[in-house]
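The values are calculated or read from the model by the stated rules, or taken from the named source; none is laboratory data. Treat the numbers as computed from the prediction; the structure is a model and nothing was measured. Heads up, the Cβs are rebuilt from the backbone with ideal geometry, glycines too, and the neighbour counts pull from every protein chain shown.
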């Protein structure tokens, strides 16, 4: 499947992940970011490399997640990147682009932290 979908029967802040995934991603983000609202590209790279996915796949995930092209990720962008990593680890295809609804949702979280 090449599209992102809403996770069923879970009421979270981000519609495309479960509450459990959101909690895991938030803990990972906070451990890397401390009190900062963003993690640097280098820190994100180090975290994403733990997945053992190829550099080409991780580059696609980064490009799908770094909407602003700033080289850093806020929590919602990081959660999206981790969601995409999990999709690939489950053997699914990455979407060619992030659906507008999800993109708008992630962009609306810019001041979450």
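Can you give me the number of residues within region 79-113 that are farther than 13 Å from residue 13 by Cβ and touching a strand residue (DSSP E or B) at 6+ places or on another chain (Cβ under 8 Å)?
Total meeting the criteria: 2.
If you scan region 65-84, which residues turn out to be in contact with a helix residue (DSSP H, G or I) (Cβ under 6 Å, 6 or more places away or on another chain) and either in a helix (DSSP H, G or I) or farther than 19 Å from residue 39 by Cβ (or both)?
Hits for region 65-84 are 65, 75, 76, 77, 78, 79, 80, 81, 82, 84.
Can you confirm whether residue 51 is touching a strand residue (DSSP E or B) at 6+ places or on another chain (Cβ under 6 Å), on the phi < 0 side of the Ramachandran plot and surrounded by fewer than 18 Cβ atoms within 10 Å (Cβ to Cβ)?
no
Please work out if residue 58 is modelled with pLDDT of 95 or more and either surrounded by fewer than 17 Cβ atoms within 10 Å (Cβ to Cβ) or in a loop (DSSP other than H, G, I, E, B) (or both). So that I can check it myself, show each step before the final result.
Values: modelled with pLDDT of 95 or more: yes; either surrounded by fewer than 17 Cβ atoms within 10 Å (Cβ to Cβ) or in a loop (DSSP other than H, G, I, E, B) (or both): no.
Against the criterion (modelled with pLDDT of 95 or more and either surrounded by fewer than 17 Cβ atoms within 10 Å (Cβ to Cβ) or in a loop (DSSP other than H, G, I, E, B) (or both)), residue 58 does not qualify.
In region 89-113, which residues are in a helix (DSSP H, G or I) and under 19 Å from residue 22 (Cβ atoms)?
Matches in region 89-113: 89, 101, 102, 103, 104, 105, 106, 107.
Of all the residues that make up region 29-46, how many are part of a helix (DSSP H, G or I), surrounded by 17 or more Cβ atoms within 10 Å (Cβ to Cβ) and in contact (Cβ under 8 Å) with a residue 24 or more places away in the chain?
So the answer is 3.
Would you please name the residue that is surrounded by the most Cβ atoms within 10 Å (Cβ to Cβ), looking only at residues in region 11-23 that are in contact (Cβ under 8 Å) with a residue 12 or more places away in the chain and assigned to a helix (DSSP H, G or I)?
22
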